[in-house]
1. From ARG109, ARG98, ARG84, which residue is of a type in the set (Lys, Arg), farther than 19 Å from GLN4 by Cβ and part of a helix (DSSP H, G or I)?
2. Within region 25-57, take every residue that is crowded, with 17+ Cβ neighbours inside 10 Å, of a type in the set (A, V, I, L, M) and farther than 19 Å from THR116 by Cα and give me the one that is nearest to the chain's Cα centre (by Cα).
3. Got a number for residues in region 17-76 being farther than 21 Å from LEU106 by Cβ and either of a type in the set (Gly, Ala, Ser) or not in a helix (DSSP H, G or I) (or both)?
4. Mind counting the residues in region 12-35 that are in contact (Cβ under 8 Å) with a residue 60 or more places away in the chain and of a type in the set (Ser, Thr, Tyr)?
5. What are the residues in region 61-80 that are surrounded by fewer than 19 Cβ atoms within 10 Å (Cβ to Cβ) and in contact with a Pro (Cβ under 6 Å, 6 or more places away or on another chain), if any?
6. Which residues, taken from region 91-116, are small (Gly, Ala, Ser), out of contact with any His (no Cβ under 8 Å at 6 or more places or on another chain) and surrounded by 15 or more Cβ atoms within 10 Å (Cβ to Cβ)?
Amino acid sequence: MKIQVADFALQIGEELGLSEDRLKLLEETALFHDIGKIGIPEHILNKPDKLSPQELEQVKKHPIIGAQIIGVADTLMEHALIIRHHHERYDGNGYPDRSIGGDTPLEARILAVADT
């Protein structure tokens, strides 16, 4: 699944004319953008029924957890920023920060589309 997200994100990035460096950043980040789910209980991630409001709030923490995990490496700070914002929406209805429009890195916006 993550490889499909990375492939789709790359296609979008290429269409938008991103540089080779930005495409590499996008591809690398796409491959582990959901790493923060490691901090969410498995029974919630695999729940076949609708999540309760409390469970949904826990799942919504995975971008923050992922950014914290990746952000410990100074060389991955840009990746961490993209991971933190990959569920933001242009209109501000995303999470975790409810960023609006240009406040969200372009690569995170691409990832949001590729991951739907």
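Any read-out appearing in this document is the output of simple, stated calculations on the displayed coordinates, not a laboratory observation. Just so you know, these numbers come straight off a predicted model, no measurement behind them. Reconstructed Cβ throughout: ideal geometry from the backbone, glycine too, with neighbour counts over all protein chains shown.
1. Exactly one of ARG109, ARG98, ARG84 is of a type in the set (Lys, Arg), farther than 19 Å from GLN4 by Cβ and part of a helix (DSSP H, G or I), namely ARG84.
2. Within region 25-57, the match that is nearest to the chain's Cα centre (by Cα) is LEU25.
3. 14
4. Residues flagged as in contact (Cβ under 8 Å) with a residue 60 or more places away in the chain and of a type in the set (Ser, Thr, Tyr) within region 12-35 amount to 1.
5. Within region 61-80, just ILE64 meets the criteria.
6. Across region 91-116, the qualifying residue is only ALA114.
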